[in-house]
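**Student:** After the structure tokens below, expect a handful of questions from me.
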Amino acid sequence: MIHLSPSAASEIRRLQANAPSRSYLRLGVQSGGCAGWAYTIDFDAQMRSSDRALESQGIALLVDEQHWLYLKDLILDYSEDLMGGGFRFTNPNATQTCGCSHSFTVDTST
């Protein structure tokens, strides 16, 4: 399961209103960042055969099965503060995270 906080869901709905033809929020990972993996987040209009479909806070989510190992049980939050607003990722699968919280490492040896 992936969990969206109420504030993340509110911000996603606000952003989605500007892209109405894209009905899914797609979460993923890509190689990079200072800790090895970086989160990706985007809107997508279509589900692929390799996708896992989820729902949280009334938001339809897609995660490619290959990324699921890295993202299962992820908590996505959104906050605005004096240093700027943005999405915050809390990932129980991460063994190390970067100070920006957008880059992480996962131990896949087990």
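**Student:** Find the Cα radius of gyration of the chain, compare it with 2.2 N^0.38 Å by division, and give the number to two decimals.
**Tutor:** Cα-based Rg divided by the globular estimate yields 1.05.
**Student:** State, as an integer percentage, the relative contact order of the stretch 3-105 based on alpha-carbon contacts under 8 Å between residues 6 or more apart.
**Tutor:** Value for the stretch 3-105: 30 percent.
**Student:** Along the charge dipole of the chain, which of Gly32, Val63, Gly86 sits closest to the positive end, that is, farthest toward it, with unit charges on the beta carbon of Lys, Arg, Asp and Glu (+1, +1, -1, -1)?
**Tutor:** Positive-end residue among those listed: Val63.
**Student:** Take the solvent-accessible surface of the protein heavy atoms, probe 1.4 Å, and return the percent of it on the stretch 3-105 that carbon and sulfur atoms account for.
**Tutor:** 50 percent
**Student:** State, to one decimal in nm, how far the label point of Glu80 lies from the label point of Arg22, with both points 7 Å from Cα in the Cβ direction.
**Tutor:** 2.1 nm
**Student:** How far apart, in nanometres, would the label points at Ala45 and Ala60 be if each is projected 7 angstrom from Cα along the Cα-to-Cβ direction?
**Tutor:** In this crude spin-label approximation the distance works out to 1.3 nm.
The values are calculated or read from the model by the stated rules, or taken from the named source; none is laboratory data. Please read all numbers here as calculations on a predicted model, not as lab measurements. Neighbour counts run over all protein chains shown; Cβ positions are idealised from the backbone, glycine included. Keep in mind that these areas ignore ligands, DNA and RNA; they rest on the heavy atoms of the full protein, side chains included. Shrake-Rupley method; radii C 1.70, N 1.55, O 1.52, S 1.80 Å.
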